[in-house]
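A short write-up of the structure that comes next.
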Amino acid sequence: MALLRTASSSDIGPLIRTDRVMLRTPQMADYPAWAELRAGSKEFLAPWEPLWLSDELTRSSYRRRVRHYLRDLREDVGYALFVFTANGEQLLGGVTLCNVRRGVTQACTLGYWMGEPHARKGYMTAAVRAVIPFVFDSLELHRLEAACLPHNLASKRLLERTGFRREGYARRYLRINGAWQDHLLYALLDSDERI
């Protein structure tokens, strides 16, 4: 079971804890761990992400990223969360809830990345399971969407293992690793069984 704390005026964002992972909003103090993990995982992540900019891992680029995350949080349009070990001591990866849409839609899009040393150890499954109650119970959204490359078997298994249902196929959907690539589309509804 996840312990949730939602953002208030004095907080910097949500804090989600389970027995395996802790998720919280990125902070400037996380820069050294983030830069080291991302640099060491670059080849591992490249096939699944947009091309990195030349200044991707600089402190100034990270500062802009954190400001963007905090603005999105304040405006309720996105929630970037770093994934740590349960004790909060080691950065493992990240989860992003972006494109929050209110009104008649009440949905957002899930994205995620895991540092290579921590992949295939169940941490991202724990993180996605932990963020689902935040999406449906705290943000009160109706639909959580995700997309993955058809050949990304680990991501397909992750989404299916956490209850997402495949809903479609989008041609040339996202520009990944420098090329427009097809994606499988998945979704989880607030009324679906939580696994």
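Only the coordinates and a few stated rules stand behind these numbers; no lab work does. No experiment lies behind these values; they were computed from the predicted model shown. Cβ sites come from the backbone with ideal geometry, for glycine too, and all protein chains shown count toward neighbours.
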Practice prompt. Report, in deg cm²/dmol and to the nearest 500, the calculated mean residue ellipticity at 222 nm for the chain, where each DSSP H run with n ≥ 4 adds -39500 (n - 2.57) and the sum is divided by the residue count.
Written response: -7500 deg cm²/dmol
Worksheet entry | Neighbourhood net charge (10 Å Cβ-Cβ; Lys/Arg +1, Asp/Glu -1) for Thr162 | +3
Worksheet item: When the dipole is taken about the Cα centre of the stretch 74-195, and only Lys, Arg (+1) and Asp, Glu (-1) are charged at their Cβ, what size is it in debye, to the nearest 20?
Response: 420
Fill in: Positive-end extreme of charge dipole, the chain - chosen from Met28, Ala39, Ser54 (charges on Cβ)
Ser54
Fill in: Amide proton proximity set for Ala80, modelled H, under 5 Å, gap of 5+
Leu97
Worksheet item: So for the chain: antiparallel DSSP bridges make up what percent, rounded to the nearest 5?
Response: 90
Response to the item:
Summed over the other residues with a beta carbon less than 11 angstrom from that of Cys98, with K and R at +1 and D and E at -1, the charge totals -1
Worksheet item: Top mean-square fluctuation among Phe44, Phe134, Phe82, Gaussian network model of the chain, C-alpha springs under 10 Å?
Response: Phe44
Practice prompt. Scan the chain and hand back the longest stretch that contains none of the GluC sites (Glu not before Pro) lying in DSSP loops with at most 13 other Cβ atoms within 10 Å.
Written response: 1-74
Worksheet item: For the chain, what does the alpha-carbon gyration tensor say about shape, rounded, prolate or oblate, given a ≥ b ≥ c as the root eigenvalues, a/c under 1.5 as rounded, and a/b over b/c as prolate?
Response: rounded
